[in-house]
Amino acid sequence: MKTVIFNLEKKNQEQVSLEYRPFDLEHSKLWIKSLESAEKTGMKIIGHDRVYNFLSKEDQLISTIEKCNNIIQLINKVKNFNIPFLDQSDLQNSINYCHRFFVDAELTGDIKNLKDLWDNLNFCLHGIEIIQQAKYMHGQVFIEIEDKDLYDIPEESYDYFTVKNTYGYCYANYAHVGRHVHEAYLARDEHAPDEHILPQSKISGSSYLWLGSTSSDSHVAKKMEDMKKWFIENNLESSLNMAWGDKKLAIGSLPVAKLITDVNVNDLTGLLKIKSVELK
């Protein structure tokens, strides 16, 4: 299989290239196949600034909230909506409420009229969550690619979903509109309409790089136990028509590749931007 190179740029404009080798798994082959389909149309990236936790947390949070509120102002002006600005004193609930406008716009088809603005709003909202949830400098990069093919996740691949974050792993990014179960749990978004929580069932070339510390087994076990309790308390079994333990819940993320570039975490400090993606 081909390897994938993600070309990134630091704040000082230094270039960093990270090469990943796919795992010998069916879903990794589909991930590469989707990237090959995107390569034919120029491998166009949406949201070049979806690079988080390589800089000061406070500075990132302030700038991303400001960007988000500017986008909300533009959408309200064009659509005559009344989406509230983010409330920094109750940030997560404010994000959850705002996120519903994006999902509803997608479900109703209204997103087509202002796709760039809606996409950027969604990216900013998730970016703020990522920044505020990171307890340490857990670097994360999200690569959303336009014009790529989408495939059903193979049955056997559901066994590989995990909430364990492993340094240097690339995961298939969430391929739907809404929130998957793990994300809804992290956001504690108990008031989201049932149709807004959707387990992952598709895979594409869109990717998620974890460049922070590897999760300990005890941390993973504690998170799964807490999530199970949250799942039961909020009656998600009824709304999703799936019991806890059903692998189709696709809890966590699906690993597709591993970093083969010899790079130290400290060498990644200052990463700011996604420049390009290439197959080798």
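Throughout, read-outs are computed from the coordinates displayed, never taken from laboratory work. Treat the numbers as computed from the prediction; the structure is a model and nothing was measured. Note that each Cβ is placed from the backbone with ideal geometry, even for glycine, and that neighbours are counted across all protein chains shown.
For residue 46, the amide hydrogen comes within under 5 Å of the amide hydrogens of 144, 145, 146, counting only partners 5 or more places away or on other chains and with H modelled in the peptide plane. In the stretch 1-130, if the dipole is taken from +1 on Lys/Arg beta carbons and -1 on Asp/Glu beta carbons about the Cα centre, which of 102, 61, 113 is farthest to the positive end? Ranked along the dipole, the leading option is 113. Both radii come from the Cα set of the stretch 55-136: Rg as radius of gyration, Rh as Kirkwood radius; their ratio Rg/Rh reads 0.98.
Multiplying the residue separation of residue 93 and residue 66 by 0.36 nm and subtracting their alpha-carbon distance yields 8.0 nm. Using a simple spin-label model with pseudo-atoms 7 Å out from Cα toward Cβ, residue 14 and residue 218 lie 3.5 nm apart.
With a Förster radius of 41 Å, plug the Cβ-Cβ distance of residue 108 and residue 267 into 1/(1 + (r/R0)^6) and report the FRET value to the nearest 0.05. Efficiency, from the Cβ-Cβ distance: 0.35.
Were the residues from residue 195 through residue 167 laid out at 0.36 nm apart, the gain over their Cα-Cα distance would be 6.8 nm.
Which one of 215, 48, 270 is farthest out on the positive end of the charge dipole of the chain, using unit charges on Cβ (Lys, Arg +1; Asp, Glu -1) and the Cα centre as origin? So the residue we want is 270. Scanning residues 5 or more positions from residue 200 or on other chains, those with amide H under 5 Å from its amide H are 181, with H placed 1.01 Å from N in the peptide plane. With semi-axes defined as the square roots of five times the eigenvalues of the C-alpha gyration tensor, the equivalent ellipsoid of the stretch 133-180 measures 22, 16, 11 Å, largest first. Were the residues from residue 241 through residue 80 laid out at 0.36 nm apart, the gain over their Cα-Cα distance would be 54.3 nm. When the charge dipole of the chain is built from unit charges on Cβ atoms (+1 for Lys and Arg, -1 for Asp and Glu) and taken about the Cα centre, the candidate among 78, 232, 138 whose Cα reaches farthest toward its positive end is 138. Remark: the chain projects, on average over all directions, an area of 14.6 nm² (convex hull of Cα atoms).
For the stretch 55-136, lysine pairs with C-alpha atoms less than 26 angstrom apart, excluding pairs fewer than eight positions apart on the same chain, total 11. Charge dipole (Cα centre; +1 on Lys/Arg Cβ, -1 on Asp/Glu Cβ; no other charges) of the chain amounts to roughly 460 debye.
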